[in-house]
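Written out below as structure tokens is the structure these notes cover.
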Amino acid sequence: MFGPDRCVALFKLDGSAPVGALPPLKSLEGKFKMKIRQTTRSLVAVAALLAIALFSAACGKKASTPTEAFKTFYEASKAKDVATIKRLMAKDALSKMEERAKQANKSLDDFIVDQAQNGIPPSMPETRNEKIDGDNATIEFKGPGGDSDWRTIPFAKEDGEWKIKFR
């Protein structure tokens, strides 16, 4: 099957490749490395742009309504985004949370993550009846008990942003 005449057809005696033969491995290796570099650069650029966009959205945007603050707080809780959770908590609520964390012998960040994950619904709760009175506000959100389980959450406007007060 692979006699001497077959070898001559695959490899010419003068060292040149026969018609239809594959290009030398060296040229393929160079092209492959160049393609990997281009793909890697593209992925790094996309990742950097995505990180900048996410950072800008999370840090730069202030909650302009209590409902918006609630929605952002919910998303931050699901994502365990402690910085955003802290930013959306009123100062007195945050100091109460610090006290509770000390009592539990936990860092504030660990305590916040634990509390944020405790009973968080799988999807954003329905909200209604946003009421604003100066720098204080409330909204109602549907609890896990269904249509008859509406709960009220208070907000305070601090530094131009609505923040959750917790009771």
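The values are calculated or read from the model by the stated rules, or taken from the named source; none is laboratory data. Everything quoted here is computed from the prediction, not taken from an experiment. Cβ: placed from backbone, ideal geometry, glycine included. Neighbour counts: every protein chain shown.
Brief remarks on what is shown
- For the residues 109, 147, the requirement of being more than 27 Å from the chain's Cα centre (by Cα) and either at pLDDT 90 or above or not aromatic (Phe, Trp, Tyr) (or both) singles out 147.
- Members of segment 92-105 found to be in contact with an Asp or Glu (Cβ under 9 Å, 6 or more places away or on another chain) and surrounded by 15 or more Cβ atoms within 10 Å (Cβ to Cβ), listed by number: 101
- Lone qualifier among 84, 72, 67 - being among the hydroxyl-bearing types (Ser, Thr, Tyr), surrounded by 14 or more Cβ atoms within 10 Å (Cβ to Cβ), touching a Cys at 6+ places or on another chain (Cβ under 9 Å) and modelled with pLDDT of 90 or more: 84
- The condition (being part of a helix (DSSP H, G or I), of a type in the set (Ser, Thr, Tyr) and touching a Leu at 6+ places or on another chain (Cβ under 7 Å)) is satisfied by just one residue among 84, 72: 72.
- Scanning segment 137-144 for residues that are of a type in the set (A, V, I, L, M, F, W, C), surrounded by 12 or more Cβ atoms within 10 Å (Cβ to Cβ), modelled with pLDDT under 90 and in contact with a Pro (Cβ under 9 Å, 6 or more places away or on another chain) turns up at least one hit.
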